[in-house]
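Read through the structure below, which is laid out as structure tokens, and then see the notes.
The values are calculated or read from the model by the stated rules, or taken from the named source; none is laboratory data. Quantities reported herein were computed from a predicted structural model and do not represent experimental measurements. All Cβ positions, even for glycine, are placed from backbone atoms using ideal geometry, and neighbour counts span all protein chains on display. Remember, those area values only see protein heavy atoms, side chains included, never the ligands or the DNA or RNA. Shrake-Rupley method; radii C 1.70, N 1.55, O 1.52, S 1.80 Å.
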Amino acid sequence: MLGRIRAFMADRAVLEISAPVLGRRTVTDLHIESITALDAGRRWYLQTSPEYALKRVLAAGVGSVYALGPVFRAGEAGARHNPEFTMLEWYRVGFSLEDLMDEVAELLQTLGVDVPLTRGTYSELFEAKLGFDPHTASLADLQSVVAREAPDVELTGLMGVSARADRNSCLDLLFSRCIEPGLTGFVYNYPATQAALAEMDADAQARQVARRFEVYLSGYELANGYDELRDADELRRRIEEDEAERSAMGRPPIAPDESLLAAMAEGLPVCAGVAMGVERLLMALTGAAKIGEVMAFSADRA
């Protein structure tokens with residue numbers, strides 16, 4: 001499979017970059033924790049994705065790039081998770097989000113996905129399955145739907161971090177319980193509270209949405225793509241918001257990656273990027289029940 005991926009990228013003149021496994025900084029995302037390493041008293045982070053390195057290369061004017069290799073995430077163990085896994089991440093200069101969805105579909109077809117990949121917005125899925133608009137529903141309304149659809153979940157354990165985090169906790173729970181099972185296709189235009197490193201825009205109903213997508217195959221989330229944020233000041237604001245939420249949850253602080261912010265301030269080209277879990281794709285293609293079935297050395301055999 002890795003050879004076919006590299007051939008696909010070569011045919012499109014996307015340059016492979018050897019991204020570092022160890023970094024001085026890491027992501028501040030509330031839902032991702034990094035594995036740390038110490039060397040002569042210096043703290044390093046095993047990278048959760050090659051995103052920061054690839055964006056610094058993009059800002060240098062190299063053009064479309066990709067990385068294919070191991071990434072690491074703390075506390076990720078289970079049927080579909082392993083603390084070390086293989087990620088394919090690529091960035092296409094001049095692409096729109098729609099262009100990138102087309103290319104992701106082409107790659108998946110090349111790798112053996114032979115079912116139609118439909119496209120639907122995040123709000124369309126919520127309205128069809130749960131009968132409400134996830135962009136405009138109040139937190140109280142979201143909590144009421146969670147109580148109805150997931151009565152086994154103790155809501156007080158999810159609340160109290162921040163208005164943004166509380167909304168996202170409810171939406172993520174409802175998505176995973178009610179929409180994700182069996183889902184095949186692209187989901188795009190996520191809530192503004194879930195922008196991460198994506199650009200914002202107004203949708204057809206004039207709602208502010210995050211210009212990002214995820215693609216699913218038989219309920220397996222395979223990839224997450226963005227119309228990439230290019231404003232360094234806005235990225236710093238989002239990092240500060242992440243850090244405030246991390247502090248509220250008692251998580252260790254993470255300093256901003258000033259090298260990335262400086263590169264973005266110099267100028268990141270208009271681009272769209274996507275990250276894909278290779279083992280997750282193999283699971284979906286083979287029907288494997290556990291990620292260890294598609295890895296030679298999963299955590300329990302490492």
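Quick look at the numbers
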read-out: Members of the range 201-220 that are out of contact with any Phe, Trp or Tyr (no Cβ under 9 Å at 6 or more places or on another chain) and under 17 Å from E180 (Cα atoms); value: L217, S218, G219, Y220
read-out: Leading residue by the ranking (most open to solvent (accessible area, probe 1.4 Å)) among those in the range 248-263 that are hydrophobic (A, V, I, L, M, F, W, C) and at pLDDT below 95; value: M249
read-out: Residues of the range 176-198 satisfying the condition of being in a helix (DSSP H, G or I), open to solvent by 10 Å² or more (accessible area, probe 1.4 Å) and either touching a helix residue (DSSP H, G or I) at 6+ places or on another chain (Cβ under 8 Å) or among the acidic types (D, E) (or both); value: R177, C178, T193, Q194
read-out: Residue list for the range 58-84, restricted to those being crowded, with 16+ Cβ neighbours inside 10 Å, touching a strand residue (DSSP E or B) at 6+ places or on another chain (Cβ under 6 Å) and under 16 Å from A275 (Cα atoms); value: L58, S64, V65, Y66, A67, L68, V71, F72, E84
read-out: Subset of the range 1-16 (residues that are touching a residue at least 40 places away in the same chain (Cβ under 8 Å), outside any strand (DSSP E or B) and within 24 Å of M295 (Cβ to Cβ)); value: M1, L2, R4, I5, R6, F8, M9
read-out: Any hit, the range 209-232, residues being open to solvent by 70 Å² or more (accessible area, probe 1.4 Å), assigned to a helix (DSSP H, G or I) and either at pLDDT 95 or above or of a type outside the set (S, T, Y) (or both); value: no
read-out: Out of E245, E279, sole residue that is touching a Leu at 6+ places or on another chain (Cβ under 6 Å), surrounded by 12 or more Cβ atoms within 10 Å (Cβ to Cβ) and assigned to a helix (DSSP H, G or I); value: E245
